[in-house]
Amino acid sequence: MGRYLTTQAIDVFWLALVPIISAYGAEAQDVKCESGCLAGTKLLTAEGDLAMEMIGGLDRFLDHKLAASIGRRGEYWQRDYSSPEDYVRSVGSNRRRLARIIGAVDRRCPAIGLELVNTLAKPSLVAGGQGYTVHTVRWPVLDGVDSEGLLLQPVGKPIARVVALPDADWSPEMLVGLAEGIQPAAQFARRLAENGCQVLVPVLIDRSDRWSGNPKIRMTNQPHREFIYRMAFEMGRHIIGYEVQKILAAVDWFYRDMEDKENGRQRVGVVGYGEGGLLALYSAALDQRIDAAVVSGYFESRQEVWREPIYRNVWGLLEQFGDAEIASLVAPRRLIIEAARGVEIEGPPAVREGRSGAAPGRLQSPALTSVRAEFDRGRVFYEKLGVGPKLKLVLSGDGKGAPGSEAALRELLVALGCDKQLKSAGKPPVDLRESFDPGPRLGRQFDQLCEFSQRLVRQSASRRREFWKKADSSSMERWGKSCRYYRDYLRDEVIGRLPPPNVSPKARTRCVLDKPKWTGYEVVLDVWPEVFAYGMLLVPKDLKPGERRPVVVCQHGLEGRPQTIVDPEVESVYRAFGAQLADRGFVVYAPQNPYIGGNKFRQLQRKANPIKCSLFSIIVRQHEQTLNWLSSLPFVDAERIALYGLSYGGKTAMRVPALLPGYCLSICSADFNEWIVKITTLDHRTSYMFTQEYEIVEFDLGNTFNYAELAGLIAPRPFMVERGHSDPVAVDEWVGWEYAKVRRLYVELGIGDRTVIEFFDGGHEIHGVGTFEFLRRHLNWPR
């Protein structure tokens, strides 16, 4: 036969070529309509900056959610007003929830006694006043944490025991009258001691920034309260919870001391002003041993808590609690609300050379109308329980007077069992110490809370292992089933669950890019009323009739825009990787995520957190609507939609596919990390503790999910990490450490070929080599 083909062979040859020739000769899918929009959509006519319009819509959406939170709180309460005892039992779950979200969850040290702080040169006795002495004291609180302050000890048997709480910027000495700074009329600790009360005045962490940072790395202008809040919040703790624990440790000592003495039980009270008023309210709500509380210069509506300093940000607070609901946890005990001139600050310490990064936030004196309105809401609960008179509203002057008015202190003493009239105010005591400096004492308190938080970080890996002990990696089926609980927990307790999109996408598009191999469209999709998703869609021009192609959703980073991903004329760290992928024949979609606009988007996080939501609550639902729409397009294969994100887009690539199974694979670029250390450490230059990203913390993430655990929720779908050796977002050692856990899981599941990490010689940028091959292979797309 030589070099000649048989007739049969020739027939087979031509039959094999028929589908190839037909494909190349067929017309491309008609995806563009005459008006310039994508077929099947309406023409997008909106002008202006769509990204910032999207932010505006989200802002209004969250305003509506905040306003609606008051009306929905009743869903979380099952109050039983049949008796005080039944009522207390019925609100027990709410009390536990409040303790949980303020981080008052650690076991306190045994109340072994109050320690008098003295040396041979410096006795504990620092002053004497009218019928009392003043001592420097400390008492144990948590492992490695104590509280320091002043004890005002009456000369005779105390009529009551009181914790007196100054504002955060007042020292205990000011509240006693040993130091200048506040007027005598506001020195309510001294006035209570003059009237026979034993009074403890703890040090509170202040709002200065003296120690906020690491001098070997970077200092910040974060108030001390914010600096502690950031690391604590990630570990399910809070500066509020820490200081509530200090107050309750004092109550522990009161009760221990009363048990040791044969003089009967005295009643216990708390009184606080400003930040101390907040702590007095929360402490009384949590501990039923506190018989009465005075809250001065603080109580009002919390609907705009997002405007206040971030150290007052409490995850999910407004879901169940306003100040009135917290007051209802004090019932049936006595609660006195004093309308007084509140603390006023315009913001954190000033930005200056070498000092920046603090979150904005201001404090204004509560308006009397707001105080009365919130009081009236709280009075409803007291009256239904039949103890209406036990909730009192007292005005200092016209509601703008000094805290600790005679009327408020009189009500407190009556509540504590003393019916005598207040004695006339004595002279402030004189400090026997020479040139006392409260700074070292405050520094000790600050350092202890920082170290306690850092120890929680160091213990977090073992806590996560305990949390994940029910996950079963013996097979992919068992892994998938056992991860359902963890996926729900991530959505409900860490990211926050918003309702699914409740409107049709009503896609609007317009052609904005026309390249040799593809056409680019701007896209707007409705998600909720006033809320839309926005992005760019790249459609290959060689689509054949009936053909369905894989999609790569390419996610930008912080302050990014879709245009930088899809326009090859724009030079950036993205290297127009969306355009590159479209050139290779993929359908590409580049969504606009809401982390754009500086404090405008960070304000969204502040508004979302009190209603138990976050930026990613929104982002997840936007991606969900986007996936629904992409899956409906006639040229898209809904089973082959991948997510590939850089930087903040890498955060998206870790969280969104963990919750949305519609993504068949995920690639995290320039973000994968030992995330909990990255957020909280004080010992590395890459830490978020020193930067302006105050929105980045996620409540209790450290005890539940690091990036390895998030990748576990993506499994068994393919997962890849792209890492530049010089990327300042982290160091290779952190990335490799965390990824090793991912690799081990995939191998245990028998799918080691579905995960890979690529290190390359570069920085914070798209590399587009191993990742493109990963996409080609797992999306089953030819070279």
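The values are calculated or read from the model by the stated rules, or taken from the named source; none is laboratory data. Only a predicted model underlies this, so the values are computations on that prediction, with no experimental measurement involved. Virtual Cβ from ideal backbone geometry, glycine too; neighbours counted across all protein chains shown. Calculation scope for accessible area: heavy atoms of the full protein, side chains included, ligands and nucleic acids excluded. Shrake-Rupley method; radii C 1.70, N 1.55, O 1.52, S 1.80 Å.
What to note about this one:
- For Asp80: the one exception among (1) more than 20 Å from the chain's Cα centre (by Cα); (2) within 16 Å of Gly322 (Cβ to Cβ); (3) not hydroxyl-bearing (Ser, Thr, Tyr): (2)
- Flag for Lys607 being at pLDDT 95 or above, basic (Lys, Arg) and either crowded, with 23+ Cβ neighbours inside 10 Å or not in a helix (DSSP H, G or I) (or both): no
- Contacts under 7 angstrom Cβ, first residue in region 533-549 being open to solvent by 50 Å² or more (accessible area, probe 1.4 Å), partner among the aromatic types (Phe, Trp, Tyr) and assigned to a strand (DSSP E or B), 6 or more apart: Lys541/Trp518
- Qualifying residue in region 754-764 (condition: among the basic types (Lys, Arg), surrounded by fewer than 16 Cβ atoms within 10 Å (Cβ to Cβ) and either in contact (Cβ under 8 Å) with a residue 12 or more places away in the chain or out of contact with any His (no Cβ under 9 Å at 6 or more places or on another chain) (or both)): no
- Selection of first residues in region 286-310 that are of a type in the set (Ser, Thr, Tyr) and of second residues that are surrounded by fewer than 21 Cβ atoms within 10 Å (Cβ to Cβ), restricted to Cβ pairs under 7 Å at least 6 apart or on distinct chains, gives the following pairs, ordered by first then second residue: Ser301/Ser370; Ser301/Ala373.
- Residue in region 680-695 that is closer than 30 Å to Asp472 by Cβ, out of contact with any Asp or Glu (no Cβ under 7 Å at 6 or more places or on another chain) and not basic (Lys, Arg) present: no
- Which listed residue is of a type in the set (S, T, N, Q), touching a residue at least 40 places away in the same chain (Cβ under 8 Å) and closer than 25 Å to Leu38 by Cβ, from Asn609, Asn599, Asn593: Asn593
- The residues listed here are Leu175, Leu116; of these, the one that is open to solvent by 40 Å² or more (accessible area, probe 1.4 Å), without any contact (Cβ under 8 Å) to a residue 40 or more places away in the chain and either of a type outside the set (S, T, N, Q) or in contact with a strand residue (DSSP E or B) (Cβ under 6 Å, 6 or more places away or on another chain) (or both) is Leu116.
- Within region 702-722, considering residues that are farther than 13 Å from Ala653 by Cβ, touching a residue at least 40 places away in the same chain (Cβ under 8 Å) and not polar (S, T, N, Q), the one surrounded by the most Cβ atoms within 10 Å (Cβ to Cβ): Gly702
- Any hit, region 424-439, residues being touching a Lys or Arg at 6+ places or on another chain (Cβ under 7 Å) and over 30 Å from Ala127 (Cβ atoms): no
- Filtered by the rule that a residue be outside any helix (DSSP H, G or I) and open to solvent by 10 Å² or more (accessible area, probe 1.4 Å), region 312-341 gives Pro332, Arg333, Arg334, Arg341.
- Some residue of region 561-572 being touching a Phe, Trp or Tyr at 6+ places or on another chain (Cβ under 8 Å), surrounded by fewer than 17 Cβ atoms within 10 Å (Cβ to Cβ) and over 16 Å from Leu633 (Cα atoms): no
- Restricting region 48-59 to residues that are in a helix (DSSP H, G or I) and over 20 Å from Glu319 (Cβ atoms), the residue that is nearest to the chain's Cα centre (by Cα): Ile55
- Consider region 505-564 and keep the residues that are among the aliphatic types (A, V, I, L, M) and in a loop (DSSP other than H, G, I, E, B). The one that is nearest to His764 (Cα to Cα) is Leu558.
- Close pairs (6 angstrom Cβ cut-off, 6 or more residues apart or separate chains): over 13 Å from Ser147 (Cα atoms) in region 438-463, of a type in the set (Val, Ile, Thr) anywhere: Phe452/Val145; Val457/Thr680; Ser460/Ile676
- Filtering Val394, Val371 for residues that are touching a residue at least 12 places away in the same chain (Cβ under 8 Å), under 37 Å from the mean Cα position of the chain (by Cα) and assigned to a helix (DSSP H, G or I) leaves a single hit, Val371.
- Flag if Lys400 is basic (Lys, Arg), exposed (fewer than 15 other Cβ atoms within 10 Å of the Cβ) and either assigned to a loop (DSSP other than H, G, I, E, B) or more than 33 Å from the chain's Cα centre (by Cα) (or both): no
- Candidates Arg302, Arg333 - the one that is under 20 Å from Leu604 (Cα atoms) and either modelled with pLDDT of 95 or more or aliphatic (A, V, I, L, M) (or both): Arg302
- Restricting attention to region 631-658, the residues that are under 25 Å from the mean Cα position of the chain (by Cα) and open to solvent by 10 Å² or more (accessible area, probe 1.4 Å) total 2.
- Members of region 344-367 that are of a type outside the set (Gly, Ala, Ser), more than 28 Å from Phe381 (Cα to Cα) and part of a loop (DSSP other than H, G, I, E, B): Glu344, Glu346, Pro348, Pro349, Val351, Glu353, Pro360, Arg362
- Test for Asp80: is it assigned to a loop (DSSP other than H, G, I, E, B) and not small (Gly, Ala, Ser): yes
- The residue that is modelled with the highest pLDDT, counting only those in region 431-451 that are part of a loop (DSSP other than H, G, I, E, B) and surrounded by 13 or more Cβ atoms within 10 Å (Cβ to Cβ), is Pro438.
So that you can scan it fast, the table gives a plain yes or no per residue for (1) closer than 15 Å to Leu329 by Cα; (2) surrounded by 20 or more Cβ atoms within 10 Å (Cβ to Cβ); (3) in contact with an Asp or Glu (Cβ under 7 Å, 6 or more places away or on another chain):
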position: Gly354; (1), (2), (3): no, no, no
position: Val371; (1), (2), (3): no, yes, yes
position: Glu374; (1), (2), (3): yes, yes, yes
position: Gly404; (1), (2), (3): no, yes, no
position: Ala408; (1), (2), (3): no, yes, yes
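- Matching residues, region 300-311, being among the hydrophobic types (A, V, I, L, M, F, W, C) and open to solvent by 10 Å² or more (accessible area, probe 1.4 Å): Trp306
- Look at (1) assigned to a loop (DSSP other than H, G, I, E, B); (2) crowded, with 16+ Cβ neighbours inside 10 Å and you find that Val141 fails only one, number (1).
Yes/no per residue for (1) among the hydroxyl-bearing types (Ser, Thr, Tyr); (2) closer than 30 Å to Asn703 by Cβ; (3) at pLDDT below 95:
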{"residue": "Arg72", "(1), (2), (3)": "no, yes, no"}
{"residue": "Ser93", "(1), (2), (3)": "yes, yes, no"}
{"residue": "Glu115", "(1), (2), (3)": "no, no, yes"}
{"residue": "Pro123", "(1), (2), (3)": "no, no, yes"}
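- Unique match (being surrounded by 12 or more Cβ atoms within 10 Å (Cβ to Cβ), at pLDDT 95 or above and more than 24 Å from Gln563 (Cα to Cα)) among Asp59, Asp80: Asp80
- Only a single criterion out of (1) touching a residue at least 12 places away in the same chain (Cβ under 8 Å); (2) more than 27 Å from Tyr694 (Cβ to Cβ); (3) among the polar types (S, T, N, Q) is not satisfied by Ser356, namely (2).
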